[in-house]
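Q: First, the structure itself, so that you have it in front of you.
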Amino acid sequence: MAMQLENIIEKYNKDKTRLMDILIDVQSEEGYISEDAIKKIAGELDISLADVKQTMSFYHFFSDKPTGKYTVYLNDSVVAYMMGRQKVKEAFEKETGIKFGEVTPDGLIGLFDTSCIGMNDQEPAALINGKVFTDLTPFRVKEIIQDIRDGKNIEEMYRSDLGEGENRNELVRSVVRNNIRRIGPVLSKDYIPGRVIKEKLTSMTPEEVIHEIKKSNIRGRGGAGFPTGLKWEFCRKAKGEKKYIFCNADEGEPGTFKDRVILTERPKLLFEGMVIAGYAVGATEGIVYIRYEYMYLKKYLESILQGARDRNLLGKNIGGIEGFNFDIRLQFGAGAYVCGEESALIESAEGKRGEPRDRPPFPVEKGYLDQPTVVNNVETLCSAVKILLNGGEWYTTLGTANSTGTKVLSISGDCRYPGVYEVEWGFSVKDILEMTGADQEDVQAVQVGGPSGTLIGPKEFNRLLCYHDLATGGSLIIIGKQHNLLKDIVTNFTQFFINESCGSCSTCRNITFQMKEKLEKILDGKGIEKDIDDLVEWGKILKVSRCGLGQTSANPIVTSIRNFRHLYDELVAGDKDFESEFDLSEAVKASCDATGRIPVLN
Amino acid sequence: MSTLIKFTIDGVECMAEAGTYIVEAARENGIYIPTLCNIRGVKPRGSCRICSVKVNGRPMTSCTTPVADGMEIENNTPEINDIRKAIIEALFVEGNHFCPACEKSGCCELQALAYRFKMMVPRFPYNFPRKEVDASSPKLIKDHNRCILCKRCIRAIKTEDGKNVFAFVKRGRNVRIIMDPVLGEQMSDELAQKAVEICPVGALLPREKGYQTPIGKRKYDLEPIGSDIEKK
């Protein structure tokens, strides 16, 4: 063990900015990160023990005690519940005899909850030792636990064929299905790797590349919608010793899984996009920050990168362009939604806690290692390749006047065909419902843009997906009438934000929690009209939070009050104007039990 | 080389050197913007959010945002002040703050701000969390009941070779401050004293010392927080 640890630390040149990689390797080798390992790492990297602990304790997938020889992380997102997660969870507990959050006494199995793992189109799903198990049922759980007890390895536990496409690749071997339902410029197979580098980039100046991207009017596909050409231009003009291109593949918004599919099926397109961005801004290094949940793609993606190096699409003098050197490495996260925020992502890649930075300065001026850095979404970078291939002008013919191009949507929930759809901007929610075969009579709401987005009802189904109406990073969750909107959906989303808050801003740390407590008070039938108004008011406090997570963490509650006020009104006592949460019988229960007296409360 | 630029705070014309953080620029112009996590001379972090102002209509923290020419800043407005008051209230209910028994009473910035913003009863129910008092360090007592997680100690207290003595662990509502066991023990008396002084509340206290200044003669007993700036 000591020897292994030394090798791991050595592998990353004792570089403290690679602390994430070191911790990931130790966690995967040992199953946990011991106090001894922490001491050794701190000593070798010449940082304080507290520094190692502050990074380590931030991430969900790092543990300071053993998590079991077989570690089960069961997704607890809304859609998992909609698809029967509760029964699956109970089956895991029944078969193992332990509760979630525990490890069996023999150290064989650990059960843990985890935030959305990007499998909403095939829920309930779990990660077991890093491999994905989808479409779980209590029956499957029984088989899995038996297989574990029989000492089978992970792949021997599969009961279905491997998924389609590259999920069958020898380096992936996953049962995950792509569920590509609709293709466009990004998802189309009509793509020759390296062609744009060799045929276009070689005859263009970096300024011309930026000009073409600007002409296309493409905006960031992660959700915030910043114009991509402008971002590249800022970074090109920024002064720095070295520049970096980051690809944000940390999709953690519950309900989104399109990057999973792009990483599986179009990684070459993505990497080519990064090369183009690197050429445009004058960067020499690209880093793909990928969420830990997609670790099962690591070997495969690394082999693609090696292939690109072998064909001179990465490395020195790329595509024969004299002096253009650029290479890409993968950086894995370790379970933190907030790292999808670009500055938190950079912090994490530097080996630190994934806490968003204060801006200004923006990453384009001072990003990774304080150097000018572009952070782009997977889909943005893929689109850039097609923009250069066909021209910025062509791109503006897709979509609407203000929202050009296509968007890859992750659609899940109560519809016949959950999966990934690439559509032009401008589709209405109604179009989406028809396209996915949802029974419109039976749909009570659609969550657009994941929990940080908007919950809308049928009256708004004519609204359009585009930057000036319903802007979205691409997650759409269709919610049927059988679900209790406030209990099953809004509460889960709000809890998600509480779990994923970095805790740095006092507002995000406190107010979201207070709002959830109040929501529960209302759900318990103890609310009054003022409680609903309080929730709306308290939501405004969160707007002064540093990052998008904090600023939007009230959205599930606030948008559901806006669009489904009647559900709240039905729960509160309309004629009362006093605080009613105090429960006298509950308050005196302990003393009554102790004395054996029966209280007369009325 | 200094460049003076013009901006307004609540309509009042102000001037400051370009690049000065808004909170400092306001101070130079005799305008108080409340702060809690900010320490002059240490890189700001914007954790507490109390210094939030609106810059050209957008919420920004004034401790981390440099002034720029022509900025229109809203500071002392009912909307912003109510958010500040809510933040203070939330910090009170998040911990266990019993002012009458606290050594820091009268010198506590959280308490002083609560007075300034006329907090009576918090709008949020008290959480009464169970938190520990850690007296394992030979130099300091760390009372988590009073810690408002402002990160001042993390940012300001470093060893001579720049290592962190304090750190945040965990995340969200589970975050708490830890002291490096080794570096905490080796800390000089001066550094320990500095940690006590920069803590805005009574979360870091010296051992074997207390109540040296009687209540009634303490910093904010004499004048409300911010009044030194506004007097200028």
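Q: Which semi-axes, in whole Å and largest first, does the equivalent ellipsoid of the stretch A:181-396 have when worked out from the alpha carbon gyration tensor as the square roots of 5 times its eigenvalues?
A: 23, 20, 17
Q: If each DSSP helix of 4+ residues adds -39,500 (n - 2.57) and the sum is divided by the residues in chain A, what number results at 222 nm, nearest 500 deg cm²/dmol?
A: -11500 deg cm²/dmol
Q: Taking only the alpha-carbon positions of the stretch A:2-56 and ignoring solvent, what does the Debye formula give for the base-10 log of I(q)/I(0) at q = 0.24, 0.29, 0.30, 0.31 Å⁻¹?
A: -0.88, -1.38, -1.50, -1.61
Q: Quick check on my link table: of A:69/B:131; A:481/A:521; A:352/B:43, which ones sit more than 25 Å apart, alpha carbon to alpha carbon?
A: Working: A:69/B:131 33 Å; A:481/A:521 23 Å; A:352/B:43 17 Å.
In this structure, A:69/B:131 exceed 25 Å between Cα atoms.
Q: Taking only the alpha-carbon positions of the stretch B:84-207 and ignoring solvent, what does the Debye formula give for the base-10 log of I(q)/I(0) at q = 0.16, 0.20, 0.22 Å⁻¹?
A: -0.78, -1.15, -1.34
Q: To the nearest 0.05, how large is the calculated FRET efficiency for residue B:43 and residue A:208 if R₀ is 45 Å and r is the Cβ-Cβ distance?
A: 0.70
Q: Across the residues of A:513-522, average count of Cβ atoms on other protein chains within 10 Å?
A: Shielding by partners across A:513-522 averages 2.
Q: Cβ neighbours within 10 Å, averaged per peptide: list B:189-195, A:140-146 in order, most packed at the top.
A: The peptides rank, most packed first, as A:140-146, B:189-195.
Q: Give, in whole angstrom and from largest to smallest, the semi-axes √(5λ) of the equivalent ellipsoid of the stretch A:473-529, with λ running over the eigenvalues of the Cα gyration tensor.
A: 22, 19, 7
Q: Another question about this same structure. If you build the convex hull over the alpha carbons only and average its shadow over all orientations, what do you get for the stretch B:4-76? Give it in nm² to one decimal.
A: About 4.2 nm², averaged over all directions.
Q: Taking H as built 1.01 Å from N, whose amide H comes closer than 5 Å to the amide H of residue A:33, not counting residues under 5 places away?
A: Sorted by chain and number, the residues that satisfy this are A:63, A:64, A:65.
Q: If you place +1 on the Cβ of every Lys and Arg, -1 on the Cβ of every Asp and Glu, and leave all else neutral, what size is the dipole of the protein assembly as shown about its Cα centre, to the nearest 20 Debye?
A: Using Cβ point charges on Lys, Arg, Asp and Glu, the protein assembly as shown gives about 960 debye.
Q: Using θ = phi - 60° and the Karplus relation 6.51 cos²θ - 1.76 cosθ + 1.60, list the HN-Hα couplings for the stretch A:318-334 in order, rounded to whole Hz, with x at every Gly or Pro.
A: 4, x, x, 7, 4, x, 9, 10, 7, 9, 10, 10, 9, 10, 8, x, 9
Q: Let me ask something additional. With r defined as the distance between the Cβ atoms of residue B:217 and residue B:186 and R0 fixed at 35 Å, what FRET efficiency is calculated, to the nearest 0.05?
A: With R0 = 35 Å, the Cβ-Cβ based efficiency is 0.50.
Q: Specify the angular offset, from 0 to 90 degrees and rounded to the nearest 10, of the alpha carbon long axis of helix B:189-198 from the longest principal axis of the alpha carbons in chain B.
A: On a 0 to 90 degree scale, this one is about 50.
Q: In whole Hz, what ³J(HN,Hα) sequence does the stretch A:209-219 give by Karplus (6.51, -1.76, 1.60; θ = phi - 60°), x for Gly and Pro?
A: Result, ordered by residue: 4, 4, 4, 5, 5, 4, 4, 6, 6, 5, 10 Hz.
Q: Given a cut-off of 30 Å, name the pairs among A:65/A:94; A:540/A:576; A:366/B:104; A:242/A:386; A:189/A:316; A:543/A:589 whose C-alpha atoms lie farther apart than that in the structure shown.
A: Result: A:366/B:104; A:543/A:589 exceed 30 Å.
Q: Which percent, nearest 5, of DSSP beta bridges in the protein assembly as shown are antiparallel?
A: For the protein assembly as shown, the DSSP antiparallel bridge percentage is about 60.
Q: I would also like to ask the following. Taking amide H positions as placed in the peptide plane 1.01 Å from N, state which residues far from residue A:377 in sequence (5 or more) or on other chains have amide H under 5 Å from it.
A: Correct list: A:221, A:222, A:248.
Q: Still on this structure, please answer the following. Given points 7 Å out from each Cα along the Cα-Cβ axis, report the residue A:524 to residue A:284 separation in nanometres with one decimal.
A: Going from the residue A:524 label point to the residue A:284 one covers 6.1 nm.
Q: With θ set to phi - 60°, apply the Karplus curve 6.51 cos²θ - 1.76 cosθ + 1.60 along the stretch B:87-101 and write out the HN-Hα couplings as whole Hz, x wherever there is a Gly or Pro.
A: Here the 3J(HN,Hα) series is 5, 4, 4, 5, 5, 5, 6, 6, x, 10, 10, 10, 3, x, 9 Hz.
Q: Answer rounded, prolate or oblate for the protein assembly as shown, using the Cα gyration tensor with square roots of eigenvalues a ≥ b ≥ c: rounded when a/c is under 1.5, else prolate when a/b is larger than b/c, else oblate.
A: Verdict is rounded for the protein assembly as shown.
Q: For the stretch A:70-160, what ratio Rg/Rh do Cα atoms give with a Kirkwood hydrodynamic radius? Don't skip to the answer; put the middle values down first.
A: Working: Rg = 11.8 Å, Rh = 12.8 Å.
We get a ratio of 0.92 for the stretch A:70-160.
Q: What's log10 of I(q)/I(0) for the stretch A:247-358 at q = 0.11, 0.22, 0.24 Å⁻¹, Debye sum over Cα points only, no solvent?
A: -0.36, -1.21, -1.32
Q: Also, I was wondering about something else. For residue B:6, list the lysines whose Cα falls under 23 Å from its own Cα; do not include residues on the same chain fewer than 8 positions away.
A: Reachable lysines: B:54, B:231, B:232.
Q: Over all directions, average the projected area of the Cα convex hull of the stretch A:508-591 and note it in nm².
A: Convex hull of Cα atoms, orientation-averaged projection: 6.4 nm².
Coordinate-derived values only; no laboratory data. For clarity, every value in this text was computed on a predicted model and none was experimentally measured. In this analysis, Cβ positions are derived from the backbone assuming ideal geometry, glycine residues included, and neighbour counts consider all displayed protein chains.
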